[in-house]
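Okay, structure first, notes after.
The values are calculated or read from the model by the stated rules, or taken from the named source; none is laboratory data. None of the values given here were measured: they were computed from a predicted structure. Note that each Cβ is placed from the backbone with ideal geometry, even for glycine, and that neighbours are counted across all protein chains shown.
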Amino acid sequence: MEGSTGPDFTVNLLHWRYHLAALRGCLSTCLFSSNGEDLEIWVMEEYNKKNSWVHKFNIGDSSTVSRD
């Protein structure tokens, strides 16, 4: 999954929710599908460098994952 251009922030916001956070000192985003079936976690390993986004996790059925 490395080498990706980063999370797709242009997808339909009716179907995805985004949360920004710091993960191990790096900017990160969690993308939740609105139906609760998918979760993606991306980390920007070098701040302010668009090509440094790394797709860390893709978890199916995120309805079992805590969103707090």
Study note, to complete from the structure: Log entry, pairs with first residue in the range 25-45 being free of Cβ contacts under 8 Å to residues at least 24 places away in the same chain, second being part of a loop (DSSP other than H, G, I, E, B) and surrounded by 18 or more Cβ atoms within 10 Å (Cβ to Cβ), beta carbons closer than 8 Å, six or more apart or on different chains, reads Thr29/Pro7
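Working only within the range 8-25, note down all residues that are of a type outside the set (S, T, N, Q) and at pLDDT below 80. Before the answer, list the steps.
Here is the first cut: in the range 8-25, the residues of a type outside the set (S, T, N, Q) are 8-9, 11, 13-25.
Residues satisfying the conditions are Asp8, Phe9, Val11, Leu13, Leu14, His15.
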Review point. Across the range 52-68, what is the number of residues that are modelled with pLDDT of 90 or more and either farther than 13 Å from Ser28 by Cα or in a loop (DSSP other than H, G, I, E, B) (or both)?
Key: 0
